[in-house]
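One structure is given below, encoded as structure tokens.
The values are calculated or read from the model by the stated rules, or taken from the named source; none is laboratory data. None of the values given here were measured: they were computed from a predicted structure. Note that each Cβ is placed from the backbone with ideal geometry, even for glycine, and that neighbours are counted across all protein chains shown.
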Amino acid sequence: MTLNKVKIYADTPGKQNIIHFNNAGASLMPQSVLDTQIEHLKLEASIGGYEAMSAAKERIDNVYKSVAKMINADASEISIVENATVGWAMAFYAIDFKPGDRILTVEAEYVSNFIAYLHIAREKQVSVEVIPSDEDGNLNLELLEFMIDEKVKLISTTHVPTNSGLINQVQEVGKIAKKHNILFLLDACQSAGQMPLDVDELGCDMLSATGRKYMRGPRGVGFLYVRKSIIDQLHPPIVDLRSADWVSPTIYELRPDGRRFENWEYNYAAVLGLGAAVDYALDVGLENIKARNDELAGLLRTKLSELPGMHIHAISEHQCAITTFHVDGHKSEDLVAKLREKGINTSLSEPNSTLLDATKNKLPNLVRASVHYFNDESEIETFIQKLGEIIN
């Protein structure tokens, strides 16, 4: 199967207005995703929120099935949450950490996750340790094996860091975690929607993602996957009438499926929008999306490397659709602002978003240009031309 570029471009209304290279921040929604949300909001306005939810029940249930299909899971293992941070935190804080437990993570871990590690380390007296990367930026799997003992409670990694195109080879981490019967939590915030994800191949027990990035869905919605074999081991940090049943005056019982990590109130228009976004990605094909993203990102990096004073932060041969860089003599925040004035969206990646990696590699603020399959070669040419005019 090949991409129907004409249809994809026509399905993306924002493409007519700007060059959008900020898909790692919030991508452009397809028209079908926008329509789905607006239609449900109109329904809520015309008949009431509860009544609209009831009328859309089957379609809401189908969102779980679509998400499960995308990652090769079962719908009972999926929870729909407000965002990726909520999904990740509901899994992380559900783990019963004890004093002396160890958490292993990666050098390019995301700030919100690492803050959570530091918090639980302080509250539960656990240790947080970083798996070293080799000189090529890849996880040192031999050292990971060496670090493991009976105290390792969790391996928690980011699949694709926010500050570079690195793809951590997490499927190898998953094999090691399974071998030693260690929980494995995967942050797929930047990988979901831009490449195929199979939770069995990845070997993760938990996986979190957001709708607004490469999945091309709405803001304010995401999902969490928890493998059914470990759900009973995890008690959510927050429970309500969605996640549990009140069975007697002094007893509640948690749901036996993934919805124990949810709470009652939802933006159902966003939930349905998420489902529409997942269905759109499945129709296009995740393999096709990855192939096109690789093609576009490779062209972008090649063209960028030809500009004077260019420094691309690519720390591994395993690269995806995200490219970050800085230019000698120019503040990255100024470049982002000037590009936006010229109708080109990028974003700023600051060192504190991945503090360990930024410190190790002495990184300044970076411009992040993140392409997606609805972008095209002419947009890359325009981007390079306009950037060249700014820096010369």
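Close contacts from segment 215-230, counting a first residue that is among the basic types (Lys, Arg) and a second that is not in a loop (DSSP other than H, G, I, E, B), with Cβ to Cβ under 6 Å and a gap of 6+ residues or different chains, come to 216/277; 228/77.
So that you can scan it fast, the table gives a plain yes or no per residue for (1) out of contact with any Ser or Thr (no Cβ under 9 Å at 6 or more places or on another chain); (2) in the same structural domain as residue 78 (by TED's automatic domain parsing); (3) among the hydroxyl-bearing types (Ser, Thr, Tyr):
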| position | (1), (2), (3) |
| --- | --- |
| 254 | no, yes, no |
| 266 | yes, yes, yes |
| 279 | no, yes, no |
| 293 | yes, no, no |
| 304 | no, no, no |
| 313 | no, no, no |
| 319 | no, no, no |
| 337 | yes, no, no |
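One residue is enough: does segment 100-117 have a residue meeting the conditions over 23 Å from the mean Cα position of the chain (by Cα), closer than 17 Å to residue 152 by Cβ and polar (S, T, N, Q)? So far as segment 100-117 goes, no, none of its residues is over 23 Å from the mean Cα position of the chain (by Cα), closer than 17 Å to residue 152 by Cβ and polar (S, T, N, Q).
Once segment 69-121 is narrowed to residues that are touching an Asp or Glu at 6+ places or on another chain (Cβ under 7 Å) and of a type in the set (D, E, K, R), the residue that is surrounded by the most Cβ atoms within 10 Å (Cβ to Cβ) is 107. Selection within segment 172-187: residues that are more than 18 Å from residue 234 (Cβ to Cβ) and among the hydrophobic types (A, V, I, L, M, F, W, C). The member of this set that is surrounded by the most Cβ atoms within 10 Å (Cβ to Cβ) is 173.
Among residues of segment 319-350 being surrounded by fewer than 17 Cβ atoms within 10 Å (Cβ to Cβ) and of a type outside the set (D, E, K, R), the one that is nearest to residue 27 (Cα to Cα) is 343.
Restrict the check to segment 20-30 and report whether at least one residue is among the hydrophobic types (A, V, I, L, M, F, W, C), in contact with an Asp or Glu (Cβ under 9 Å, 6 or more places away or on another chain) and farther than 21 Å from residue 262 by Cα. Among the residues of segment 20-30, at least one is among the hydrophobic types (A, V, I, L, M, F, W, C), in contact with an Asp or Glu (Cβ under 9 Å, 6 or more places away or on another chain) and farther than 21 Å from residue 262 by Cα, which makes the answer yes.
From the list 380, 344, 384, 322, the lone residue that is aliphatic (A, V, I, L, M), out of contact with any helix residue (DSSP H, G or I) (no Cβ under 7 Å at 6 or more places or on another chain) and in contact (Cβ under 8 Å) with a residue 40 or more places away in the chain is 322. Picking from residues in segment 302-317 that are in a helix (DSSP H, G or I) and touching a residue at least 24 places away in the same chain (Cβ under 8 Å), the one that is farthest from residue 359 (Cα to Cα) is 303. Restricting segment 154-183 to residues that are touching a Phe, Trp or Tyr at 6+ places or on another chain (Cβ under 6 Å) and not small (Gly, Ala, Ser), the residue that is farthest from residue 311 (Cα to Cα) is 155.
If you take the residues in segment 275-300 that are charged (D, E, K, R) and without any contact (Cβ under 8 Å) to a residue 24 or more places away in the chain, which one is farthest from residue 38 (Cα to Cα)? Only one residue fits best here, namely 295. Can you confirm whether segment 311-318 contains a residue that is surrounded by 20 or more Cβ atoms within 10 Å (Cβ to Cβ), out of contact with any His (no Cβ under 7 Å at 6 or more places or on another chain) and polar (S, T, N, Q)? Scanning segment 311-318 turns up no residue that is surrounded by 20 or more Cβ atoms within 10 Å (Cβ to Cβ), out of contact with any His (no Cβ under 7 Å at 6 or more places or on another chain) and polar (S, T, N, Q).
Looking only at residues in segment 235-274 that are polar (S, T, N, Q) and assigned to a loop (DSSP other than H, G, I, E, B), the one that is nearest to residue 38 (Cα to Cα) is 267.
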